[in-house]
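Here, each number is a calculation from the coordinates, and none is a lab measurement. Here the structure is a predicted model, which means the values were calculated and not measured. No Cβ is skipped: glycine too gets one built from the backbone with ideal geometry, and neighbour counts run over all protein chains shown.
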Amino acid sequence: MDKQKFNELWNKYKDVIPYVFWGVMTTLVNIASYWLCNSVFKWAIMPSTIIAQFLSIIFAYLTNRKWVFHSQASTFEEYVHEIASFFAARIGTALLDMAIMFIFAEQMHLNSMIIKILANVVVVVVNYVASKFWIFKSKDDKQQ
């Protein structure tokens, strides 16, 4: 692949590529945290899910703001809005994750690790859309 073609592809997918990488890392934090709480510490499904979500939300905010969406927040008000928007969206998808875990793992007694992985796929897609078009929207996009 020549350099021009590589640059074209990079420019086209410059948000998606790092999001996928950091999304995978966030998913690993979520799943590993869940496994540790549920399998090692023997905590119930829902408390394990809540702890895993909390840890992965913190990790995702730090990585997404810096390396995925290159946050342009520069004032206190912009930071507060960004953080509040991020946590609101992530709490929403955490509730989605908890609902999936409750219905399919807790109530239907399906394998909780498989359900956790499938729930994360849904959550990653919803989180990307929220981050791209709402939370980390560039200042240029906001003025349009």
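In a fully extended conformation the segment linking K14 and I91 would gain 25.1 nm over its present Cα-Cα distance, using 0.36 nm per residue. Against the main long axis of the alpha-carbon atoms of the chain, helix 112-130 sits at an angle near 30°.
Full extension of the chain between V125 and K3 yields a length gain of 40.9 nm, computed as 0.36 nm times the residue separation minus the alpha carbon distance.
About its Cα centre, the stretch 33-144 has a charge dipole of approximately 180 debye under the convention of +1 per Lys or Arg Cβ and -1 per Asp or Glu Cβ, with nothing else charged. Between L118 and S39, residue separation times 0.36 nm minus the direct Cα-Cα distance comes to 26.6 nm. Other residues whose C-beta falls under 9 angstrom from the C-beta of T49 contribute a net charge of 0, scoring Lys and Arg +1 and Asp and Glu -1. Here F21 and E78 are evaluated by their C-beta separation; at R0 = 25 Å the FRET efficiency comes out at 0.45. Angle check, please: helix 16-35 long axis (alpha carbons) against the longest principal axis of the chain (alpha carbons), in degrees 0 to 90, nearest 10. For helix 16-35, the angle is close to 20 degrees.
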